[in-house]
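Below is one structure; the comments refer to it alone.
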Amino acid sequence: MIRFENVSVTYDGADRPTVRGVDLEVPEGELVLLVGPSGVGKSTVLGAVSGLVPHFTGGTLRGRVTVAGRDTRTHKPRELADVVGTVGQDPLSHFVTDTVEDELAYGMESLGLAPDVMRRRVEEVLDLLGLADLRDRPLSTLSGGQQQRVAIGSVLTPHPKVLVLDEPTSALDPTAAEEVLAVLQRLVHDLGTTVLMAEHRLERVVQYADQVVLLPEPGAVPLVGAPADVMAVSPVYPPVVDLGRLAGWSPLPLTVRDARRRAADLRQRLHGREPVPAGPAPAMAPPPPPPPRRPSRWRLRRREAPEAAPADAPAAEVRSLTVVRDGIRALRRVELSVAPGETVALMGRNGAGKSTLLGTLVGLVEPSGGSVRVGGAVPHRTAPRELVRRVGLVPQEPRDLLYADTVAAECAAADRDAQAAPGTCRALVSDLLPGVTDDTHPRDLSEGQRLALALAVVLTARPPLLLLDEPTRGLDYGAKARLVALLRDLAAEGHAIVLATHDVELAAELAHRVVLLAEGEVIADGPTAEVVVSSPSFAPQVTKILAPQRWLTAAQVREALA
Amino acid sequence: MRDRVHAGAWWLWALGLGTAATRTTNPLLLGLLLAVSGHVVVTCRSATPSARSYTAFLKLALVVLAVRLVFAVVLGSPIPGTHVLVSLPEVPLPDWAQGIRLGGRVTAEAVVFALYDGLKLATLLVCVGAANALATPARLLKSLPGALYEIGVAVVVALTFAPHLIADARRLRAARRLRGRPDRGVRGLLQVGLPVLEGALERSVALAAAMDARGYGRTAEVPPAVHRTTAALTLGGLLGVCAGTYGLLTAEGGTYGLPVLLAGLAAALAGLWLGGRRSPRTRYRPDTWNPRSCAVAGSGAVVAALLALAAARDPGALHPGVVPLVAPTLPLWPAAAVLLGLLPAVVAPARPVPAHSAAARPAVKEPS
């Protein structure tokens, strides 16, 4: 169905090919997964299938790509639209119209299908993807998982033979991701659609793949094979594979179920050993009693003079916090206390209120009720200049923090903003990102490098409380491991860290405590092992495999066996 | 599901009410027009984001009214009046600014005149707002002939672009706070300008790629003869329209002006229609001129026609005098004519939204 014949792509201005020697054949009705560290050209390979590379992006494509017998050299993307459906990383930038139903019909209108055919297919896809209730909804009011499903639906209606997806589940919570993957499964099984997809979160997708294409490094020849064979040598692999390699299982199990069936002897070997916690858990200060009475209004209105916080005071303290936004209760009587040196993971489905809670901690969102204290200050009443030295937030899109056009300028600005000694930020950047030169444009950095730069900018002011919103979105396993090591060091130095994340594996590796949010309420708050073990959707793979023993990560198992 | 009312019908209805508003300065009739359009908007609008823009139009109308009043007070008015409300200090202006007055006497007559006049403008604006709330311009653009389709898409994309831009600016401005810079003030807004535009540009490129991959701009094969005929008809038609207009406007061209103009128009339209054949596009559930749509459009047209008639036959009732000041009275049958504008509320009320998919519920509460 898709055929790459010795394809290499060189972008204009690049001195060597981004991908080289791609020889690949995807038979009809297979689900093929494209894996590799970030920056190896996965998106380029995907773009070559739809013809966007090189027709839209520019550059030179050598070799030949054919899709359903059509050569992409002679067919422009629009002439391939009836056989290839493409969904990019950000569904919002994919939408042309403004309501669900119109969006589903758009592709068919361009192809000139008859009105009665269009009508039938829209209804079919609405049912197939479970979107019938949303048909009249404006696209901007949908949640992330819904948007992703609409984006997939919008390319399904013209009945393409091939579906190309770039990171379809990275931005989704575990449940929404399963929803999307179930749909893809159904397409492959019931309609015989050929699916080619790239994804970083292998633990979610690798078990569905018929073939895996591994791009080990930029410009290297790709390795194609059965999932278990490729995973045995891949530099990126999910925790289940990590555990399988550790235990020496062959062939490697790819699903939790397969691994569980093999794990009897590993459980035996681990019997009686205890997991070492992710880091020295800080002594939890007992939460202070709630204030005896509400402070009178006029006191609240005054800009509170920041008082010096005592050494053992919590880094952040949230008391019966309620936030109402646009008439919706985004948070409801939330209680949270974070001690210095502690790492807390906020989890919950898209839209549960995680980002809102982080927003109140840095004063971006004003509480409608209750109180928030960060290092003794009330965030939304503290001047920004003062606040950066108490709390720092790395937003979901790290690029939002970066304004300058070179790394050096960004660092100089960060030093000025934080009133730190010149060079403070640059030293941090050199630590986090060895090899990045002063004159690099922040936009040219990879996703992981940009995150590190934003983190350095935030850390310049040495805030005792560090907040990260969805930090692993778009990061490969290598970048994630570096981030984990870095955050552990920061926690050991006494920084309190709160991260909002969908990534259960990250939470398992890093967090001392997990707080689960649902509909704006805290539904669970406790040590990571206790909270995630009891939840089927938030339990990491290693926990599921080795239950009822309470191991969270392959690293813990490795340490215990050593 | 019932047939939708054609977007064009809503615009005709609203423009009909607007035309009616230009025929009168009677505040009671204008108030009645406002009430009628407001009632129809509330009963017939569906839960789209543009439906919420109605309040924005109401606010804009209030601003227009206020500006009109302030001008009348500060700059004076040619209306001769005897009831002095207040005397502002007059700023002496040099000779060359003769005819312009700053400050001075403010008479009740001038204020009432400005009020009537401003109210007329405000009503017109609210009518446009009503059309906007009931049928987005994007829906209207979908009814364009095939050859103009691509222009329509460009406009739709531009219309969705602006809200994204505002959201981006807001987010980036908030992010300044995270860098320890003040997040308020004009400076904050200016400094995020470049990143906002950068982001907008990147989004546009991504959208263009997505549209291309989804078949935007596919063309059908047409024989070269059709190509040439299309070009000839369009160019010839436009020339004819120019010549015909010139003929109509000059004194001696009275005889050939109108026929040439009409022939030109016909040729241009034929060119457009033929040009549409190059595009293989089809329409998904196009708006149709069903009886309901005709009733909606018709009610607007009837209101406009009846008020125009009333203005011709009884100008006194529709333009209450300000010199001397008299209390406006409600003329009976023009008022009844305005009430005909309520017809859409009867024939095309919005479908009740099922509770579980109410669009008023935002995404945050939806399980994803």
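For segment A:48-78, the set of residues classified as without any contact (Cβ under 8 Å) to a residue 24 or more places away in the chain and either under 20 Å from A:M197 (Cβ atoms) or not β-branched (V, I, T) (or both) consists of A:H55, A:F56, A:G69, A:R70, A:D71, A:R73, listed by residue number. Somewhere in segment B:243-252, is a residue surrounded by fewer than 16 Cβ atoms within 10 Å (Cβ to Cβ) and within 14 Å of chain A (Cβ to nearest Cβ)? Within segment B:243-252, not a single residue is surrounded by fewer than 16 Cβ atoms within 10 Å (Cβ to Cβ) and within 14 Å of chain A (Cβ to nearest Cβ).
If I filter segment A:531-540 for residues that are among the β-branched types (V, I, T), assigned to a helix (DSSP H, G or I) and touching a Ser or Thr at 6+ places or on another chain (Cβ under 9 Å), do I get at least one hit? Scanning segment A:531-540, I find at least one residue that is among the β-branched types (V, I, T), assigned to a helix (DSSP H, G or I) and touching a Ser or Thr at 6+ places or on another chain (Cβ under 9 Å), so the answer is yes. Scanning segment A:462-507 for residues that are touching a Pro at 6+ places or on another chain (Cβ under 8 Å) and without any contact (Cβ under 8 Å) to a residue 60 or more places away in the chain yields one hit, A:L483.
Restricting attention to segment A:226-251, the residues being open to solvent by less than 20 Å² (accessible area, probe 1.4 Å) and under 21 Å from A:F4 (Cα atoms) number 2. Scan segment A:380-393 for residues that are out of contact with any Lys or Arg (no Cβ under 8 Å at 6 or more places or on another chain), surrounded by 19 or more Cβ atoms within 10 Å (Cβ to Cβ) and more than 8 Å from chain B (Cβ to nearest Cβ) and the total you get is 2. Any residue in segment B:117-142 that is under 17 Å from B:A56 (Cα atoms) sitting within a Cβ distance under 7 Å of a residue that is open to solvent by less than 30 Å² (accessible area, probe 1.4 Å) and among the aromatic types (F, W, Y)? List the pairs, counting only those 6 or more apart or interchain. Final answer for the pair search is B:G129/B:Y54; B:A130/B:Y54; B:A131/B:W10; B:A133/B:Y54; B:L134/B:W10; B:A135/B:W10.
Quick check on segment A:440-450. Is at least one of its residues at pLDDT 85 or above, part of a helix (DSSP H, G or I), under 30 Å from A:V241 (Cα atoms) and of a type outside the set (D, E)? Looking through segment A:440-450, at least one residue is at pLDDT 85 or above, part of a helix (DSSP H, G or I), under 30 Å from A:V241 (Cα atoms) and of a type outside the set (D, E). Can you pull out the residues in segment A:13-31 that are under 19 Å from A:A220 (Cα atoms) and not small (G, A, S)? Of everything in segment A:13-31, those that are under 19 Å from A:A220 (Cα atoms) and not small (G, A, S) turn out to be A:D15, A:R16, A:P17, A:T18, A:V19, A:R20, A:V22, A:D23, A:L24, A:E25. Restricting attention to segment B:1-26, the residues that are open to solvent by 30 Å² or more (accessible area, probe 1.4 Å), part of a helix (DSSP H, G or I) and farther than 19 Å from B:C294 by Cα add up to 1. Answer yes if at least one residue in segment A:140-156 is surrounded by fewer than 21 Cβ atoms within 10 Å (Cβ to Cβ) and more than 9 Å from chain B (Cβ to nearest Cβ), and no otherwise. No, the conditions are met nowhere in segment A:140-156. Tallying residues that are modelled with pLDDT of 85 or more and open to solvent by less than 30 Å² (accessible area, probe 1.4 Å) within segment B:34-64 yields 8.
Checked against the criterion of being at pLDDT 90 or above, within 29 Å of the chain's Cα centre (by Cα), closer than 30 Å to A:T99 by Cα and open to solvent by 30 Å² or more (accessible area, probe 1.4 Å), the candidates B:R285, B:R292, B:R281 yield just one match: B:R292. Is it the case, given these coordinates, that A:P434 is open to solvent by 50 Å² or more (accessible area, probe 1.4 Å) and not in a helix (DSSP H, G or I)? Answer is yes for this residue. Restricting segment A:102-122 to residues that are more than 8 Å from every other protein chain (Cβ to nearest Cβ) and open to solvent by less than 30 Å² (accessible area, probe 1.4 Å), the residue that is farthest from B:V157 (Cα to Cα) is A:L104. Across segment A:85-96, the qualifying residues are those that are more than 7 Å from chain B (Cβ to nearest Cβ) and open to solvent by less than 30 Å² (accessible area, probe 1.4 Å), and the one among them that is farthest from B:H164 (Cα to Cα) is A:G85. If you go through segment A:477-524 and keep only what is part of a loop (DSSP other than H, G, I, E, B) and crowded, with 20+ Cβ neighbours inside 10 Å, you end up with A:H495, A:T501, A:H502, A:D503, A:A511, A:H512, A:G520. Of all residues in segment B:135-151, none are among the aromatic types (F, W, Y), surrounded by fewer than 16 Cβ atoms within 10 Å (Cβ to Cβ) and either at pLDDT below 80 or assigned by TED's automatic domain parsing to the domain that holds B:A35 (or both). Could you tell me whether segment A:64-78 includes any residue that is crowded, with 18+ Cβ neighbours inside 10 Å, closer than 27 Å to A:Q147 by Cβ and at the interface with chain B (Cβ under 7 Å from one of its Cβ atoms)? Checked segment A:64-78: at least one residue is crowded, with 18+ Cβ neighbours inside 10 Å, closer than 27 Å to A:Q147 by Cβ and at the interface with chain B (Cβ under 7 Å from one of its Cβ atoms). Please go through segment A:252-277 and give me each residue that is open to solvent by less than 30 Å² (accessible area, probe 1.4 Å) and within 30 Å of the chain's Cα centre (by Cα), ordered by number. Those that are open to solvent by less than 30 Å² (accessible area, probe 1.4 Å) and within 30 Å of the chain's Cα centre (by Cα): A:L252, A:P253, A:L254, A:A259, A:A263. Only residues that are under 22 Å from A:D415 (Cα atoms) and in a strand (DSSP E or B) were counted in segment A:375-395, giving 4.
The values are calculated or read from the model by the stated rules, or taken from the named source; none is laboratory data. Only a predicted model underlies this, so the values are computations on that prediction, with no experimental measurement involved. When we count neighbours, we look across all protein chains shown, and the Cβ atoms used for this are built from the backbone with ideal geometry, even at glycine. Keep in mind that these areas ignore ligands, DNA and RNA; they rest on the heavy atoms of the full protein, side chains included. Shrake-Rupley method; radii C 1.70, N 1.55, O 1.52, S 1.80 Å.
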